[in-house]
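Colleague: Pasting a structure here, questions to come.
The values are calculated or read from the model by the stated rules, or taken from the named source; none is laboratory data. The structure displayed is predicted, hence computed values, not measured ones. Cβ placement follows ideal geometry from the backbone for every residue including glycine, while neighbour counts extend to all protein chains displayed. For accessibility, only protein heavy atoms count, side chains too; no ligands or nucleic acids. Shrake-Rupley method; radii C 1.70, N 1.55, O 1.52, S 1.80 Å.
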Amino acid sequence: MSASPTLWFVLAVLALAAEFLSGTFYLLVVASALTGGGFAARYTEQLPLQLGTAVIVGLAALLLVTRWRRRLKRMPLPGPDDADIGQRVIILYTQGGDRLRVHFRGTEWDARLEGTPPLPGGSAFIAGKEGNLLLLTLDKPDRDE
């Protein structure tokens, strides 16, 4: 009994597509594991070897993602010398809850704003960042803090 390489690769592409929608990086681990199983299926018809390869590749990918995320957490957050703090952004639309999509520096950004956001086309100010997520406020932040 074995699984077709095509089945493994189709499942890997589906996991990768789900990763693009979620942005968690852990579905990338699943997609990597499925890809490893697909390559194993090209060279052997034994399902236990295919599954074993998928598990080993998945564990290796999980280790890499975990180390990468730990390293990101140790990186310093932008301080008051961040040139983006206090800059105005234009609100394009809300994404539900406190999440927004805004226009800043010629492109769209994900953002979070506590409280009721202004209508699309309104503006807010950057108060901080969490990675690529802009933290917004309705009042222009004081740069001296």
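Colleague: Take Phe39 and Leu7, extend 7 Å from each Cα along the Cα→Cβ direction, and tell me the distance between the two endpoints in nm.
Modeller: In this crude spin-label approximation the distance works out to 2.1 nm.
Colleague: Could you compute how much accessible surface Thr24 exposes when probed at 1.4 Å, giving the result in Å² to the nearest 10?
Modeller: 60 Å²
Colleague: Given Cβ point charges of +1 (Lys, Arg) and -1 (Asp, Glu) and nothing else, what value in debye, to the nearest 20, does the dipole of the chain about its Cα centre take?
Modeller: Dipole of the chain, to the nearest 20 debye: 440 debye.
Colleague: Counting only the heavy atoms of the protein chains, how much of Glu130 is accessible to a 1.4 Å probe, in Å² to the nearest 10?
Modeller: Number for this one is 90 Å².
Colleague: With semi-axes √(5λ) of the Cα gyration tensor in Å as the read-out, I listed (1) 43, 18, 9; (2) 21, 17, 14; (3) 28, 18, 12; which label goes with the value calculated from this structure?
Modeller: (1)
Colleague: Just grab the label-to-label distance for Leu14 and Asp139, each label 7 Å out from Cα along the Cβ direction, in nm (one decimal).
Modeller: Each label point lies 7 Å from its Cα, and together they span 5.1 nm.
Colleague: While we're looking at this one, here's another question. Could you rank Val102, Val30 by how accessible they are, 1.4 Å probe, largest area first?
Modeller: Highest to lowest solvent-accessible surface, that is Val30, Val102.
Colleague: Give the long-range amide H neighbours of Leu134: residues separated by 5 or more places, or on another chain, with amide H under 5 Å away, using H modelled in the peptide plane at 1.01 Å from N.
Modeller: HN-HN under 5 Å from Leu134: Asp110, Ala111, Arg112.
Colleague: Suppose only helical runs count, i.e. DSSP H with n ≥ 4. What mean residue ellipticity at 222 nm does that imply for the chain under -39500 (n - 2.57) per run, divided by all residues and rounded to the nearest 500 deg cm²/dmol?
Modeller: Value at 222 nm, helices only, nearest 500: -15500 deg cm²/dmol.
Colleague: Lys and Arg at +1, Asp and Glu at -1: add these up for the other residues within a Cβ distance under 14 Å of Ser4 and post the number.
Modeller: 0
Colleague: For the chain, with every protein chain kept in place, what is the accessible area per residue (1.4 Å probe, Å²)?
Modeller: Averaged over the residues of the chain, the accessible area is 66 Å².
Colleague: If you don't mind, another one. Take Leu11, Leu27 and sort them by solvent-accessible surface of the protein heavy atoms, 1.4 Å probe, largest at the top.
Modeller: Ranking Leu11, Leu27 by accessible area, largest first, yields Leu11, Leu27.
Colleague: If you roll a 1.4 Å probe over the chain with all protein chains in place, what percent of the accessible area is carbon or sulfur?
Modeller: Of all accessible area on the chain, carbon and sulfur atoms account for 61 percent.
Colleague: Figure the gain on full extension for Arg67 and Glu114 (residue separation times 0.36 nm, minus the Cα-Cα span) and round it to one decimal in nm.
Modeller: Between Arg67 and Glu114, full extension yields an extra 13.8 nm.
Colleague: Stretch Arg88-Thr24 to full length: gain in nm at 0.36 nm per residue minus the Cα-Cα span?
Modeller: 20.2 nm
Colleague: Here's something else I'd like to know. Which whole DSSP H helices in the chain pass both tests: a Cα extent of 18 Å or more along the axis and a mean Kyte-Doolittle value no lower than 1.0?
Modeller: What comes out of the filter, once short or polar helices are dropped, is 5-22, 26-43.
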